[in-house]
Amino acid sequence: MKLIKIIVLCLVCFCLPALADESTDAIILTTQTAVKPTSRVNLQRTGVALENGDVWVWGYRRQGLQGNGVRNVNHSSEPARVRKFVQEGLSIIQVAAGRYHIIALDENGDVWGWGRNRHRQATGGVTEENYVDTPVKVLSGRKIVDIYCSDYTSYALTATGEIWAWGRGNRGELGVGNKVSKQKVQQVPIRHVRTMGVGERTAYAIDKGGRIYTWGQAISRKFCPTDKKTCNYILSPEDITTDLKVPDTGSSDPNDKLISGGKIKEITGGKGFVTYLSYTGLVYGYGKIRYLADGKFDENDLEEDETLGWDDDDDDAIDRIEDEQDKHDDVDDDRLDPKSITDEPMSIIGPNSPDIKESVAYSLYCRYRGCAAITKHKSLLTWGVKGSSKLKGILYGKKKTGSVVQRKLKGTLTKMDGGRESLFYWNEDGEVYGVGRGSTRKFNQSNNHTQDWDAQRLDFLMNAMHDVYGYDYVLGRTN
């Protein structure tokens, strides 16, 4: 019964967006059958996936991240599903995560949270504990349809277009007009929202009238309120529609002219950039050039620190560095440097782009320093921070240059999950492979090695799931 519910819900969620653009009431007929991620994860060292309506967690599982009633689980332990939802008989249809907290959306439209809760990012104040080791219901009866997490903040979008937010708000991430560190669940003052997305400490929303809004850390000075010459943080939703318009795409198809947010299917972002996807498969980016695919090499973009920043097991160090980060960001501002930030939207996929000239994207997944796009043909494209390191060449684009790269996958793609600097892809044979930074045993239970696209499959994860569902069950189905 549980599996049948998931299949029906998936068909409903897939078919409705394909039939209508709510902002125009126009009918959009499509034969696209590509994969759309059901997870929006930005965890540092933890693997998370949805399978058969269950949330599975592996790798780093301190601070309550496993969700099974124990605060600290050894990262070499077997992957485990979150038992709370199994006991409640609930199917989970989406999962999102910040650096150290996870939220989940169940089949009834309710939202649950667990993990690190120092800023109430996991539970929205339902519990005041700094670490929550069992999922707590955050929102109930509000008909939530989508969930999102920036680093330390959580968001939920309702079927009627309201946004609820909770967690760290000292950069205006909640959009409620103030800078408060520990915010309980509050409604963002914006109505009739069709879709939204998040960056590292920034949020975006598109309403049914085609207007695009942002709040939180300002990635461009152009986004500042009209009464301010400059700003680091935007405390309430600010209209940025004009800045993200692309009046001439070079395409003869009038549907490709992004003159309104109503043409945008998905909007998302990362560390100082926003990226958006049109219904026709175009992708554009705005913000820090080093994270966008401009096809160019700039030796000044090779010095970015790749360390994780702190020891995840030292809670006091995490607290200190989180607070210190805000002080530096207020001082460092390169948003007027034309070599650092785009002056206008940059074509990443489409007629004007340096690499992929076709409009082929179907879904978009961005986090931290780069993005991945799944095409309507079920291929996977990646791009992001430039550099000569092994990790940058594997996970983002080609070494040194900012290029879009089509990845050679093993088998036909059926599902993709991700993390801050990792990707997990599943194929039609039920196999899963991990790519990127492999810290705390995410890809292999015996080492932390970075994995390339030719890596071995994650047998330890597959075996744990087969032990639950049986060895005849084909893994990697779309939830």
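The values are calculated or read from the model by the stated rules, or taken from the named source; none is laboratory data. Keep in mind it's a predicted model, so treat the numbers as computed, not measured. Because the Cβ atoms are built from the backbone with ideal geometry, glycine has one as well, and the counts that use them run over all protein chains shown. Surface areas here come from the heavy atoms of the whole protein model, side chains and all, with no ligands, DNA or RNA. Shrake-Rupley method; radii C 1.70, N 1.55, O 1.52, S 1.80 Å.
Criterion first (over 22 Å from the mean Cα position of the chain (by Cα), under 21 Å from Glu78 (Cβ atoms) and part of a loop (DSSP other than H, G, I, E, B)) does Asn463 satisfy it?
no
Please go through the stretch 146-159 and give me each residue that is surrounded by fewer than 19 Cβ atoms within 10 Å (Cβ to Cβ) and in a loop (DSSP other than H, G, I, E, B), ordered by number.
Residue satisfying the conditions is Ala159 alone.
Mind listing just one residue for me: the one in the stretch 443-458 that is in contact (Cβ under 8 Å) with a residue 40 or more places away in the chain and in contact with a Phe, Trp or Tyr (Cβ under 7 Å, 6 or more places away or on another chain) and, of those, farthest from Lys390 (Cα to Cα)?
Within the stretch 443-458, the match that is farthest from Lys390 (Cα to Cα) is Gln445.
Filtering the stretch 91-123 down to residues that are among the charged types (D, E, K, R) and closer than 18 Å to Thr46 by Cβ, which residue is surrounded by the fewest Cβ atoms within 10 Å (Cβ to Cβ)?
Applying the filter and picking the extreme gives Arg118.
Could you tell me how many of the residues in the stretch 429-460 are more than 22 Å from the chain's Cα centre (by Cα), surrounded by 18 or more Cβ atoms within 10 Å (Cβ to Cβ) and at pLDDT below 95?
Counting residues in the stretch 429-460 that are more than 22 Å from the chain's Cα centre (by Cα), surrounded by 18 or more Cβ atoms within 10 Å (Cβ to Cβ) and at pLDDT below 95 gives 1.
Where in the stretch 330-422 are there strands (runs of 3 or more DSSP E), lying fully within it, with 1 or more residues that are more than 17 Å from Leu292 (Cβ to Cβ) and in contact with a Pro (Cβ under 6 Å, 6 or more places away or on another chain)?
Numbers: elements: 346-349, 361-367, 370-375, 380-384, 405-407, 413-419.
Result: 413-419.
Do we have Thr412 as surrounded by 17 or more Cβ atoms within 10 Å (Cβ to Cβ) and either of a type in the set (Val, Ile, Thr) or under 16 Å from Ala49 (Cα atoms) (or both) here?
no
Within the stretch 53-98, count every residue that is in contact (Cβ under 8 Å) with a residue 24 or more places away in the chain and assigned to a strand (DSSP E or B).
Qualifying residue count for the region: 14.
Residue check: is Gly384 touching a helix residue (DSSP H, G or I) at 6+ places or on another chain (Cβ under 6 Å), over 24 Å from Met465 (Cβ atoms) and crowded, with 18+ Cβ neighbours inside 10 Å?
yes
When the residues of the stretch 99-115 are narrowed to those that are of a type outside the set (Phe, Trp, Tyr) and without any contact (Cβ under 8 Å) to a residue 40 or more places away in the chain, which ends up nearest to Ser154 (Cα to Cα)?
Looking at the filtered set, the residue picked out is Asp110.
Which of the following residues is modelled with pLDDT of 95 or more, in a strand (DSSP E or B) and open to solvent by 10 Å² or more (accessible area, probe 1.4 Å): Val136, Val132? Working first, answer last.
Working: Val132 fails: open to solvent by 10 Å² or more (accessible area, probe 1.4 Å).
The conditions single out Val136.
Scan Gly177, Gly172, Gly209 and give me the residue that is of a type in the set (Gly, Ala, Ser) and in contact with a Phe, Trp or Tyr (Cβ under 8 Å, 6 or more places away or on another chain).
Gly172
Would you check if there is a residue in the stretch 175-189 being at pLDDT below 95, open to solvent by 50 Å² or more (accessible area, probe 1.4 Å) and hydrophobic (A, V, I, L, M, F, W, C)?
Within the stretch 175-189, one or more residues are at pLDDT below 95, open to solvent by 50 Å² or more (accessible area, probe 1.4 Å) and hydrophobic (A, V, I, L, M, F, W, C).
Can we say Ser77 is surrounded by fewer than 22 Cβ atoms within 10 Å (Cβ to Cβ), hydroxyl-bearing (Ser, Thr, Tyr) and modelled with pLDDT of 95 or more?
So Ser77 fits the description; yes.
Quick one: would you say Asn117 is more than 30 Å from His466 (Cβ to Cβ) and in contact with a Phe, Trp or Tyr (Cβ under 7 Å, 6 or more places away or on another chain)?
yes
From the list Lys392, Lys398, pick out the single residue that is out of contact with any Cys (no Cβ under 8 Å at 6 or more places or on another chain), open to solvent by less than 20 Å² (accessible area, probe 1.4 Å), farther than 21 Å from Val35 by Cα and of a type in the set (Lys, Arg).
Of the residues listed, the single one that is out of contact with any Cys (no Cβ under 8 Å at 6 or more places or on another chain), open to solvent by less than 20 Å² (accessible area, probe 1.4 Å), farther than 21 Å from Val35 by Cα and of a type in the set (Lys, Arg) is Lys392.
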